[in-house]
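> Starting off with a structure, shown below.
The values are calculated or read from the model by the stated rules, or taken from the named source; none is laboratory data. Everything numeric in this text was worked out from a predicted model, so none of it was measured. Neighbour counts run over all protein chains shown; Cβ positions are idealised from the backbone, glycine included.
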Amino acid sequence: MSSSTESATPSSPDDLDNANGESARRVPKKKTRAEKLGRSTVMLLRRIHLYSGIFMFPWVLMYGFSGWMFNHPRMFTADEVTTYRAADLDDGLLTDLTSAQQTAIAVVEQINLQTSESQGPELRITDDRRPLFSGHLEYNVNTPTAKHQLAVNPVTGDGEVRTTLVDPEADDAADNKPDPLAEVYRVEIEPNVSADIQRQIPEVLDQLGLPSNRASLGYRKLSVVFSAEADGIPCIVSYNLADGSVNSVREDDRPQLTKKAFLQRMHLGRIYTPVMEIRWLWALLVDAMFVSMVFWGCSGLLMWWQIKRTRWLGMGLLATSILFATFVGLGMHDQMTSTGPPKKIPANLPTDTKTPGNSK
């Protein structure tokens, strides 16, 4: 009897609490300043990640759709679309086409024929890169009632016809307002800021201690755009300071842009303008998109790494993505460097060159 009483008697304060039905509570560990700062930083990054995604939403849609349209340039460009297979055409049309290999052989034959006359090098085909067609085959056909744009696969002969219907009566009835400056093509002005700067650039380089020589204009040319009236007709005049060309548009007859063309030109819009205006603001937004997307990617990696159960799967996906991007990047670089710049054809070169025949 006494032994059972002793066993039920609590031997410590904790046992006494358990006996009374009160659960022991763990005292939370006090966080250090560094831990608090780390948690606050992570929460801030998560919040910025969230709002940057919201900020990018319309721009990602615009860049995504316009990029897709660049990849499929014939989309939304016709009233009717007709696809065909060469095998379904009668009389063997577009079925017996010259292959890339045959074309390369014919090209080599003609080059060797020309170089043999001038004691030039002898060309031969190697196995390092098999002949492949590069580029596209597109043809335009205009009829009184329709305009056709044909895209043909040079390997299979299969293709697509995009037809835009033409209404002759509507074209005749169209009110084409005349450009009052249609007969003005080019004017010379003095002073010309582009020419003035070009003349002074050698001296600028000298004063900067850099090798100097005569300056030539770059690819991008400077223009001045302003509003004017031609015999009372409001116009927008654009003057190219490099070549002196004049372009004008009537305010009441501006060129029309399709939605596709508008998105594509927005996609290509770039470079800060000399003064702050709408194109300058667009360039600023493009830079903001760049910063936001880079941050989004880096913060996404950080957030992924914090979830331990997804690390192995994520590392596999990341490694695969990096390898695939490297493979595609190297392949695209090889494609882009496989064709040299266009040659300037000498004026005395005969134009009646013989067209290579189909070697079967």
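> Just give me the residues in the stretch 174-214 being under 20 Å from residue 271 (Cβ atoms) and of a type in the set (Gly, Ala, Ser), in sequence order.
194 - this is the single residue of the stretch 174-214 that is under 20 Å from residue 271 (Cβ atoms) and of a type in the set (Gly, Ala, Ser).
> Right, another one. From the residues in the stretch 250-262 that are of a type outside the set (D, E, K, R) and not in a helix (DSSP H, G or I), which one is nearest to residue 193 (Cα to Cα)? Talk me through it step by step, then tell me what you get.
Of the stretch 250-262, the ones of a type outside the set (D, E, K, R) are 255-258, 261-262.
Subsequent filtering for residues that are not in a helix (DSSP H, G or I) retains 255-258.
Values: 255: 29, 256: 32, 257: 32, 258: 35 Å.
Restricting to residues being of a type outside the set (D, E, K, R) and not in a helix (DSSP H, G or I), the top hit is 255.
> Further, regarding this structure: Can you tell me which residues in the stretch 93-116 are acidic (Asp, Glu) and in a helix (DSSP H, G or I)? First the steps, then the outcome.
Quick first cut of the stretch 93-116, residues acidic (Asp, Glu) only: 96, 109.
Result: 109, single match.
> Could you check how many residues of the stretch 302-315 are in contact (Cβ under 8 Å) with a residue 12 or more places away in the chain and surrounded by fewer than 12 Cβ atoms within 10 Å (Cβ to Cβ)? It would help to see each step written out before you state the result.
From the stretch 302-315, those in contact (Cβ under 8 Å) with a residue 12 or more places away in the chain are 302-303, 306; that's our starting set.
This time we only want the ones that are surrounded by fewer than 12 Cβ atoms within 10 Å (Cβ to Cβ), so: 306.
Adding up the residues that qualify gives 1.
> Quickly run through the stretch 62-114 and pick out the residues that are surrounded by 11 or more Cβ atoms within 10 Å (Cβ to Cβ), closer than 30 Å to residue 146 by Cβ and of a type in the set (S, T, N, Q).
66, 77, 82, 95, 98
> Still on this structure, please answer the following. Any idea which residue in the stretch 58-92 is nearest to residue 263 (Cα to Cα), counting only those that are part of a helix (DSSP H, G or I) and of a type in the set (Asp, Glu)? Working first, answer last.
Restricting attention to the stretch 58-92, the residues satisfying the condition of being part of a helix (DSSP H, G or I) are 58-71, 86-88, 90-92.
Then keep just the ones that are of a type in the set (Asp, Glu); that gives 88, 90-91.
Details: 88: 37, 90: 41, 91: 43 Å.
Top of the filtered list is 88.
> What's the number of the only condition in (1) among the hydrophobic types (A, V, I, L, M, F, W, C); (2) at pLDDT 65 or above; (3) outside the structural domain of residue 296 (by TED's automatic domain parsing) that residue 57 fails to meet?
Every listed condition holds for residue 57 apart from (3).
> Restricting to the stretch 28-48, name every residue that is loosely packed, with under 10 Cβ neighbours inside 10 Å and among the polar types (S, T, N, Q).
32
> Does at least one position in the stretch 151-161 carry a residue that is free of Cβ contacts under 8 Å to residues at least 40 places away in the same chain and more than 30 Å from residue 94 (Cβ to Cβ)?
Going through the stretch 151-161, the residues free of Cβ contacts under 8 Å to residues at least 40 places away in the same chain turn out to be 153.
From what's left, more than 30 Å from residue 94 (Cβ to Cβ): none.
No: the stretch 151-161 contains no residue that is free of Cβ contacts under 8 Å to residues at least 40 places away in the same chain and more than 30 Å from residue 94 (Cβ to Cβ).
> Can you tell me which residues in the stretch 263-291 are part of a loop (DSSP other than H, G, I, E, B), under 15 Å from the mean Cα position of the chain (by Cα) and either more than 19 Å from residue 57 (Cα to Cα) or of a type in the set (Val, Ile, Thr) (or both)?
Of all residues in the stretch 263-291, those part of a loop (DSSP other than H, G, I, E, B) come to 269-277.
Checking the rest, the ones that are also under 15 Å from the mean Cα position of the chain (by Cα) come to 269-271.
270, 271 - these are the residues of the stretch 263-291 that are part of a loop (DSSP other than H, G, I, E, B), under 15 Å from the mean Cα position of the chain (by Cα) and either more than 19 Å from residue 57 (Cα to Cα) or of a type in the set (Val, Ile, Thr) (or both).
> Next up: Identify, by number, the condition in (1) surrounded by fewer than 13 Cβ atoms within 10 Å (Cβ to Cβ); (2) closer than 18 Å to residue 236 by Cβ that residue 258 doesn't meet.
Only one criterion in (1) surrounded by fewer than 13 Cβ atoms within 10 Å (Cβ to Cβ); (2) closer than 18 Å to residue 236 by Cβ is unmet by residue 258, namely (2).
Yes/no per residue for (1) surrounded by 10 or more Cβ atoms within 10 Å (Cβ to Cβ); (2) in contact with a strand residue (DSSP E or B) (Cβ under 7 Å, 6 or more places away or on another chain); (3) touching a residue at least 24 places away in the same chain (Cβ under 8 Å):
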position	(1), (2), (3)
208	no, no, no
223	yes, yes, no
231	no, no, yes
237	yes, yes, yes
267	yes, no, yes
272	yes, no, no
279	yes, no, no
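> Tell me which of these residue 329 doesn't satisfy, since it passes every other one: (1) more than 24 Å from the chain's Cα centre (by Cα); (2) without any contact (Cβ under 8 Å) to a residue 24 or more places away in the chain.
(1) is the only condition that residue 329 fails.
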